[in-house]
Amino acid sequence: MKKENLFFLLALVLIFLFCFLLNSRSANISGSSFSFLKASEVDLLYPLSKEKINDLFVNSNSFLSVFVNLEEGREVVLSEKKGNEVIPIASLSKLMTAVIALENYNLDDEVKISESAINTYSTLGGLKRGEVISVEDLLYVTLIESSNDGAEALAEKMGRVEFMVEMNKKADELDMKNTHFVNPSGLDIFTDSSEKEVDETNVSTPYDLEKLVVYILKNYPLIPQILSCPDKQIRSSSGVLHNLKNTNILLKENSSYLWGKTGYTKEANGCIILILKNYSSSDNGYIINVITGADDRFKEARKLNAWLQDSFFW
């Protein structure tokens, strides 16, 4: 065999071995469930941490920042504090409320707003007693303005008790082991009218909430579509006009923020989930930031976003 042919054959063998090892490695880390990697690990998946990273202090009870590649089924933890700590989540709960509604109703189904729904604390959303509104429009009201009466109305359509069973069942299916829902809105339930002692409230962890966001990204594009709207005008089947303003003020500040959900109660303090676009040239990934228990959730979100851009090669 000529020397040139021998070199060519050896090159083919080396290329084959390299491809085999690469495919084997991908198979190990891109199965049906996500595998978490630390950003400091050497990996072909963006982002890569810079040699010198500035200190990060997020003034909140807990937070989590994760880079997610949906196609490859891999995640990189960029930073966290108490990511597995169980905390009240306020209106972040409405993400699960929307999921259960989408999995059980048709978008053009109509809901008649009851007096009990209207009597739910907070009048955000401007729903009227006896108003008839489609499920799709009710999702806009519930998510954009974080309407508690909207969330209650969605639950009442199925039957509130059954709806809560479905919310917790879905949490179990998504392996959200430290999550429990007691109502569809996220409101704190107090032991008496003085509102000094909380009896029950919806709880989760940053890592559990991140699992819910990934599920939404993979299955329900309508939720990101709704929550990406800074404002929206809808008219219900009853002819009632609703001018909705998103509770997430960051959407108008920075195009990096694709969508998100806010939450606040006395027990939970300020909470926010933000989905940011991938800063690299690839379109296969998202950044998911979860911040809970913050006095100023928007300030801390801005701080975390700036740190991410400064600390990694995208």
Any chance you could run the full-extension gain for D231 through E173? It's 0.36 nm times the residue separation minus the Cα-Cα distance, nm to one decimal. 17.6 nm
By the scheme Lys and Arg +1, Asp and Glu -1, what is the net charge of all other residues having a beta-carbon under 10 Å from that of S146? +1
Cα-based Rg (one decimal) and Dmax (whole number) for the stretch 99-190, in Å? 12.8, 38
Quick check for you: which residues of the stretch 234-267 have the amide N under 17 Å from the point 7 Å beyond the Cα of L107 toward its beta carbon? 234-237
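Read the figures in this text as sums done on the coordinates, not as results from a lab. Here the structure is a predicted model, which means the values were calculated and not measured. Neighbour counts are summed over all protein chains in view; Cβ atoms, including those assigned to glycine, are modelled from backbone coordinates with ideal geometry.
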